[in-house]
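S.K.: Quick one: structure below, then a few questions.
The values are calculated or read from the model by the stated rules, or taken from the named source; none is laboratory data. Predicted model, so just to flag it, every value in this text is computed and none were measured. Cβ atoms come from the backbone with ideal geometry, glycine included; neighbour counts cover every protein chain shown. To get the accessible areas, we keep the full protein, side chains included, count just its heavy atoms, and leave off ligands, DNA and RNA. Shrake-Rupley method; radii C 1.70, N 1.55, O 1.52, S 1.80 Å.
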Amino acid sequence: LRQVFIGSKLLPTVPEMQHNIDLMDSWGDEQIIRYMVSETGYTDLDGLDSAHTALMGRIFRHDVGGGYRYFIDTVRDGPAWKLATPVTVVVADDDPGLARAGEEYTGWRLLASDVRFHRLPAGGHYFVRTNPGGTAELIRQAWMSAIELAG
């Protein structure tokens, strides 16, 4: 493993993660769908019928809550391990929810010794899908650097 890329995700503090879990658990399925549509760009979820809304609510709670619980358990008392592989946190300039990511990406240092930051000029929160060329170029550059170092 030569490089890990983390896309559009900061590692919040333990209290922030617990607050997010509590908030999410208090929301009904409709509130979760509204949040996903308005805040995360999942506009294709707008107008779901009640069965699909309930399913997406369960999936969201499971995935987001499970992820936060894992990280809370991992970092609460100091992790038993740290990645030795360089980690690069990647965000897009036009992701309004991550405007301060350049100052806040260092939370990942709890889990990795070498944490870097890269900002793509465009692509929004889901830049892998909306800016595949920029994403591919970032990965290509990392691969070429790894080859030169090994060389």
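S.K.: Scan the stretch 117-148 for residues that are among the charged types (D, E, K, R) and within 14 Å of Leu10 (Cβ to Cβ) and jot them down.
M.R.: Passing the criteria: only Arg119.
Here's the yes/no breakdown for (1) of a type in the set (Val, Ile, Thr); (2) under 15 Å from the mean Cα position of the chain (by Cα):
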{"residue": "Ser50", "(1), (2)": "no, no"}
{"residue": "Met56", "(1), (2)": "no, no"}
{"residue": "Val64", "(1), (2)": "yes, yes"}
{"residue": "Tyr68", "(1), (2)": "no, yes"}
{"residue": "Thr74", "(1), (2)": "yes, no"}
{"residue": "Trp81", "(1), (2)": "no, no"}
{"residue": "Leu98", "(1), (2)": "no, yes"}
{"residue": "Ala101", "(1), (2)": "no, yes"}
{"residue": "Trp108", "(1), (2)": "no, yes"}
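S.K.: Based on this model, can you work out whether Ile6 counts as among the hydrophobic types (A, V, I, L, M, F, W, C) and not in a helix (DSSP H, G or I)?
M.R.: yes
S.K.: Shifting gears a bit: Restricted to the stretch 41-60, and to residues that are free of Cβ contacts under 8 Å to residues at least 60 places away in the same chain and surrounded by 15 or more Cβ atoms within 10 Å (Cβ to Cβ), which residue is farthest from Lys82 (Cα to Cα)?
M.R.: This residue is Leu48.
S.K.: Restrict the check to the stretch 61-69 and report whether at least one residue is touching a residue at least 24 places away in the same chain (Cβ under 8 Å), buried (at least 16 other Cβ atoms within 10 Å of the Cβ) and either among the charged types (D, E, K, R) or outside any helix (DSSP H, G or I) (or both).
M.R.: yes
S.K.: Further question: Under 9 Å by Cβ, and 6 or more places apart or on different chains, what pairs join a residue from the stretch 24-40 that is of a type in the set (Phe, Trp, Tyr) with one that is open to solvent by less than 20 Å² (accessible area, probe 1.4 Å)?
M.R.: Matching pairs, first to second residue: Trp27/Gly57; Tyr35/Met24.
S.K.: How many residues, within the stretch 96-146, are acidic (Asp, Glu) and surrounded by 13 or more Cβ atoms within 10 Å (Cβ to Cβ)?
M.R.: Total meeting the criteria: 2.
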